[in-house]
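Below is one structure, written out as structure tokens; comments come after it.
The values are calculated or read from the model by the stated rules, or taken from the named source; none is laboratory data. In this text the structure is predicted, and so the values were computed from the model without any measurement. Here the Cβ is made from the backbone with ideal geometry for all residues, glycine too, and neighbour counts use every protein chain on show. The area values use the complete protein model at the heavy-atom level, side chains included, leaving out ligands, DNA and RNA. Shrake-Rupley method; radii C 1.70, N 1.55, O 1.52, S 1.80 Å.
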Amino acid sequence: MILKVGQSLASTTDATALIVVRAPGGDIALTCGGAEMVVGKAGVGDGSTIDPAHRCGSLLGKRYVDEETGLEVLCTKAGDGSLAVGDRPLEVKQAKPLPSSD
């Protein structure tokens, strides 16, 4: 799927929903709970079809990144499935440290 900045995506396995903040240039397979995400604003699954290997969860309000592709997404609705690009899980983006006031 080719992603666009501002695009809403929803999980097919649980309630997870997200917005694309930074999109890679090419075609990628963004998954949640082991199944590819679809365009939409609300997840349609009940969590029963989540692959056990992809059941780490996604947290509301957290930004997830994939350094290799440059993808960044913002989770707008939490769920039980974990986010991944292919088989590579997305990492929670860490806050930048503030500059020292010395």
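About its Cα centre, what dipole magnitude does the chain give when the only charges are +1 on Lys and Arg Cβ and -1 on Asp and Glu Cβ, stated in debye to the nearest 20?
In debye, rounded to 20, the chain gives about 380.
Taking only protein heavy atoms into account and a 1.4 Å probe, give the accessible area per residue of the chain in Å².
58
If I build a Gaussian network model for the chain, linking alpha-carbon pairs within less than 10 angstrom, which residue out of D46, D66, D27 has the largest mean-square fluctuation?
In this elastic network of the chain, the residue with the biggest mean-square fluctuation among D46, D66, D27 is D27.
State the answer as a single residue: which of V38, L74, L60 lies farthest towards the positive end of the charge dipole of segment 26-81, with beta carbon charges of +1 for Lys and Arg and -1 for Asp and Glu, about the Cα centre.
The listed residue farthest towards the positive side: L60.
By its C-alpha gyration tensor, with a ≥ b ≥ c as the square roots of the eigenvalues, how is segment 58-102 shaped: rounded for a/c under 1.5, else prolate for a/b larger than b/c, else oblate?
Here segment 58-102 falls in the oblate category.
Whole-Hz Karplus ³J(HN,Hα) for segment 31-40, in order, using 6.51 cos²θ - 1.76 cosθ + 1.60 and θ = phi - 60°, x for Gly and Pro?
Computed from phi, the couplings for segment 31-40 are 10, 9, x, x, 10, 5, 7, 10, 5, x Hz.
Could you work out the relative contact order of the chain, using alpha carbon pairs under 8 angstrom and six or more residues apart, expressed as a whole percent?
Value for the chain: 30 percent.
Can you compute the modelled spin-label distance between I2 and E67, with each label point 7 Å from Cα toward Cβ, in nm?
2.9
With a 1.4 Å probe and all protein chains left in place, how much of the accessible area of the chain comes from carbon and sulfur atoms, in whole percent?
Its accessible area is 55 percent carbon and sulfur atoms.
Could you calculate the contour length gain from A53 to S101, that is, 0.36 nm times the residue separation minus the distance between their Cα atoms, to one decimal place in nm?
Here the segment from A53 to S101 would lengthen by 12.9 nm.
Which loop GluC sites (Glu not before Pro) in segment 6-102, with loop taken from DSSP, have no more than 12 other Cβ atoms within 10 angstrom of their Cβ? Could the numbers behind the result be given before it?
Numbers: sites: E36, E67, E68, E72, E91; in loops: E67, E68.
Of the GluC sites (Glu not before Pro), the ones in loops of segment 6-102 whose Cβ has at most 12 other Cβ atoms within 10 Å are E67, E68.
Quick check for you: which residues of segment 3-23 have the amide N under 14 Å from the point 7 Å beyond the Cα of T76 toward its beta carbon?
Answer for segment 3-23: 4-11, 16-22.
Kindly count the pairs of lysines across the chain whose alpha carbons are less than 20 Å apart, treating pairs on different chains or eight or more residues apart as eligible.
10
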